[in-house]
1. Which of the residues spanning the range 387-403 are open to solvent by 50 Å² or more (accessible area, probe 1.4 Å) and in contact with a Leu (Cβ under 9 Å, 6 or more places away or on another chain)?
2. Just one of the numbered conditions (1) of a type outside the set (Asp, Glu); (2) open to solvent by 10 Å² or more (accessible area, probe 1.4 Å); (3) under 22 Å from Lys323 (Cα atoms) is not true of Arg127; which one?
3. Looking at (1) open to solvent by less than 10 Å² (accessible area, probe 1.4 Å); (2) at pLDDT below 95, which one does Cys108 not meet, given that it meets all the others?
4. Within the range 298-312, identify whether any single residue is surrounded by 17 or more Cβ atoms within 10 Å (Cβ to Cβ), touching an Asp or Glu at 6+ places or on another chain (Cβ under 7 Å) and under 30 Å from Ala197 (Cβ atoms), and answer yes or no.
5. Which of the residues belonging to the range 60-81 are without any contact (Cβ under 8 Å) to a residue 60 or more places away in the chain, surrounded by 15 or more Cβ atoms within 10 Å (Cβ to Cβ) and at negative phi?
6. Test each condition in (1) in contact with a helix residue (DSSP H, G or I) (Cβ under 8 Å, 6 or more places away or on another chain); (2) of a type outside the set (D, E, K, R); (3) surrounded by 21 or more Cβ atoms within 10 Å (Cβ to Cβ); (4) over 25 Å from Glu411 (Cα atoms) for Gln91 and report the one that comes out false.
7. Among the residues of the range 28-55, which ones are modelled with pLDDT of 50 or more and either among the aliphatic types (A, V, I, L, M) or part of a helix (DSSP H, G or I) (or both)?
8. Pick out, from the range 294-380, the helices (runs of 4 or more DSSP H) lying fully within it that include 3 or more residues that are at pLDDT 95 or above, under 20 Å from Ser391 (Cβ atoms) and of a type in the set (Ser, Thr, Tyr).
Amino acid sequence: MSQSIDTISRRTLLRAGGAALLTPALAAPALSQGQADVIRIGHLTPRTGFLGPLGEYAVQAAQLAVEEINAAGGINGRKVELLTEDSVNPQTASAKAERMVQRDKVACLIGEINSASALAISQVAQREKTLFINTGANSDALRGSDCKRFMFHVESQNTMMVRAAGRALLDKGLIKDKKIYTLTADYAFGHDLLKQAKKFFAANGGTITGEDLIPTELTDFSPFLLKIRQARPDAVICNLAGAQITNFLKQYSEFGLPFPVAGFGFDLALAWGAGQGNFLGTWPVVWHHMVDSPSAQKFVAAFKAKYKRPPENQGWSDYTSTKIVAQAMNATKSIDSMKIVEYLESGAKFDIHKTREGYFRPWDHELMQEMYAITALPPEKVKNQYDIFTSTGPLPGPGESLEVLATTKEENACTFPA
């Protein structure tokens, strides 16, 4: 999604994030104004609208991470304070990011889900020379044509989502020589996701025989479900976002259509929100609460104890990003953004609550990490409202490079602005 702020929207509106570390110029005044005992982190993410349910997990997880960091002695002996705001839209996100940096003297910005808002925040971060960690925006363009030296991505890019789910769909025989009907969110995130999906279909023998763009505010899918019934595709692929997915799944189940469902963009909260028996199909996720690693299950237990429910993947992203920032500041003994950028570019490894450690690629700042494809359980096998799917093992597999799902330089060139 290499569009402008006006046209980018999901992770423009679905997944964007940021972490902003104080510029050297701003850091010194912050320390001299009686705040030497506190490191402030700014957290921006949608708290309302169709991305609000995801933003709620994000805020709760970031708060948990800060509590754990402080309980362990803080960052270089200093306590951390989390400032949280509803980013609302790109214009508001930009204004709030600027205020957090200039007035509140935050040491970093973390968050976002909406790609357009992530782009807006990244422009502030680049101008102010302040670190921003994107925790939810998936647009390939944010790692390519719109990349920024002070922006890093813990969230996966759209290409990684497509290739992770695509592996599972190929194994199920749902791509090669199949007729595919697509539903796509009509804004930048959806457009970018469809672009990557079409590349995957073309490379693997799938043919799109029907496609519709879905307005983000639409709640009644019946006209499109009737079209799908008439088209009789071999598979229905969703490139939808936020509450669109929840509404689609509910209504697809009510219509009783027999065609296999899958998607290339997803968040677990959307499946949980669909209600008993309504979650269908195969989808990619960057993380889930059943990942079998000690640190993942420690995080799940702590989140459950505090919030009485398991964390979902957006929560994982904001929790993990906050812990990465703490590790970087402790390792460099600094909150200087440039020093943190250089540390993150150095190949440093991070426990990202999976079976393998992650690291950032220095040329596009994408976190190299394992992903998963999940498939809905039959209703009779569902034991509770959260454990409603089975999962592949980590993708890429143990013998593969972590970079095989991500774009290459040739596919998604990034040139950092000066």
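1. Asp387, Thr390
2. The single condition Arg127 does not satisfy is (3).
3. (2)
4. Yes, the conditions are met somewhere in the range 298-312.
5. Gln63, Asn70, Arg78, Glu81
6. (3)
7. Here is the first cut: in the range 28-55, the ones modelled with pLDDT of 50 or more are 36-55.
Once the filter is applied, which keeps residues that are modelled with pLDDT of 50 or more and either among the aliphatic types (A, V, I, L, M) or part of a helix (DSSP H, G or I) (or both), the range 28-55 yields Ala36, Val38, Ile39, Ile41, Leu44, Gly49, Phe50, Leu51, Gly52, Pro53, Leu54, Gly55.
8. Numbers: elements: 294-307, 313-332, 337-344.
Where helices (runs of 4 or more DSSP H) fall fully within the range 294-380 and carry at least 3 residues being at pLDDT 95 or above, under 20 Å from Ser391 (Cβ atoms) and of a type in the set (Ser, Thr, Tyr), they are 313-332.
The values are calculated or read from the model by the stated rules, or taken from the named source; none is laboratory data. In this text, all values refer to a predicted model and were calculated from it rather than measured experimentally. Note: ideal-geometry Cβ built from the backbone for every residue, glycine included; neighbour counts use all protein chains shown. The protein model used for the area step is the full one, side chains on, heavy atoms only, and it has no ligands, DNA or RNA in it. Shrake-Rupley method; radii C 1.70, N 1.55, O 1.52, S 1.80 Å.
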